[in-house]
């Protein structure tokens, strides 16, 4: 039933009604009906669910970095709205106008029903527009087609407005973009909820000790107890989601900073281009030296040669690409059967000794030898189609390598133990003197070969060394 009434309105009221009149193409009655309908909804909201502004502000701050549960999202925004960007925009504007959030929307798209590119602009109070942007982006990612969902490409923050670019991508990248931009705390909070007692104890311990606790991977701790040089690559590989050899230097250095700072192994890490400075409070020189060697070994494992020097409370790591390039040249030449290994090593030693500012030449030689041993064994694997090493195949391989290194050697195989004896080594000896640098490099070449073939579980027992005045070098290898 339609009831007709005569009412009087002043100009101020007419001006306020004008947007509604325009919306209904001049139909004054329809405009009045919408205003009355909105007033009823607003009255209901005020009477039942209106939140005090200070409480709302606190709630928005507390949920920053979290995504709303999907069932709640479906109640806030009907999934069917995704079929029309124009309809979605109008619904959002209407819904938040009802809440009197003073938020304005503008959605630009290349297709109303199935857009490939979207530009969303939201204006209003900072906390409110960030929350609304989170809901809208979560809605678009969730409800766009699975085969090519919308992905957040960029977000521009201009104080009282946000501009968000979205375009088609794959499901993994779309979800990752949502987590990166709006859901950064979701995983953390869920982990705490799953094991509250554990995390309460951990956090309490850090607070009580003023963050002097150290949290490291179990394997890292096991290496420490075994007296080995721990590298920490397991944690870094987990974060990078790829093998350490595939991590480029520009990714590796920030990962070292993240892992070593958050684990509290060191107090602070600073990165200046390719130089790394670690600040610590350790007082034991042996501990500092082990940490220094661990870092150099870690970087070497990813293919980057670094020098390291330490002071009372700092370890400075300096990139040496020139040495790394030279090492790569030698390893490449060693793969050529006609190359003279002894000449290559002599040239390298001259090169290395000419670098006056290397603080620890012994460490550089260790890295050279290990890389050389690994490379030689990999080349032998390819040439002889070896997929798994055993004591006999290793003896045969290194016998071939010895012939190239001008060494007279013999082997004894006893179950899984190998006794390796070098009677004569022309490459390290000149007359009656032994070049300790070359000798160390050759020893590390052998260790690198053993580690590649049998892993770090193989044990080496050095019994005699030519460089120590013995008549021969004798090494026992225990293979697990």
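No lab work stands behind these numbers, since they all come straight from the coordinates. Quick caveat, the model's predicted, so the values are computed rather than measured. Backbone-built Cβ (ideal geometry, glycine too); neighbour counts: all protein chains shown.
Quote the relative contact order of the stretch 53-188 in percent (integer), defining contacts as alpha-carbon pairs under 8 Å separated by 6+ residues.
On the way: 200 pairs, mean separation 33.4, N = 136.
Relative contact order, the stretch 53-188: 25 percent.
For a distance above 15 Å, tell me the whole-number percent of Cα pairs in the stretch 367-421 that qualify.
Of all Cα-Cα pairs in the stretch 367-421, 52 percent lie more than 15 Å apart.
Note down the Stokes-Einstein diffusion coefficient of the stretch 53-188 in µm²/s, whole number, using a Kirkwood radius over alpha carbon pairs, 20 °C, and 1.002 mPa s. Display every interim value, and only then the final one.
Values: Rh = 15.0 Å.
In µm²/s, the coefficient rounds to 143.
With the contact rule set at Cα under 8 Å and sequence spacing of 6 or more, what percent relative contact order holds for the stretch 146-231? Could the numbers behind the result be given before it?
Working: 63 pairs, mean separation 15.5, N = 86.
Averaging sequence separation for qualifying contacts and normalising by length gives 18 percent for the stretch 146-231.
Arranged from highest to lowest average of other beta-carbon atoms within 10 Å per residue, in what order do the peptides 220-230, 160-170 appear? Before the final figure, lay out the partial values.
Values: 220-230: 14.0, 160-170: 17.3.
In descending order of packing, they fall as 160-170, 220-230.
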Cβ crowding within 10 Å averaged over residues, with 210-218, 88-96, 378-386 ranked highest first
88-96, 378-386, 210-218
Here the Cα Rg-to-2.2 N^0.38 Å ratio for the stretch 127-277 is 1.33
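For the stretch 47-129, which semi-axes, largest first and in whole Å, follow from the square roots of 5 times the eigenvalues of its Cα gyration tensor?
Working: eigenvalues 124, 42, 37 Å².
Listed largest to smallest, the semi-axes of the stretch 47-129 are 25, 15, 14 Å.
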Distance in nm between residue 241 and residue 8 label points, each 7 Å along Cα→Cβ, equals 7.0
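Provide Rg over Rh for the stretch 196-319; use the alpha carbon set for both Rg and the Kirkwood Rh (inverse mean inverse pair distance). Don't skip to the answer; put the middle values down first.
Details: Rg = 14.6 Å, Rh = 15.1 Å.
That ratio is 0.96, to two decimals.
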Under 8 Å for C-alpha pairs, at least 6 residues apart: give me the relative contact order for the stretch 196-319, rounded to a whole percent.
21
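Per-residue counts of other Cβ atoms within 10 Å, averaged by peptide: what ranking do you get for 297-307, 66-76, highest first? Present the calculation step by step, with values, prior to reporting the outcome.
Values: 297-307: 21.0, 66-76: 13.2.
Per-residue Cβ counts within 10 Å, averaged per peptide and sorted highest first, yield 297-307, 66-76.
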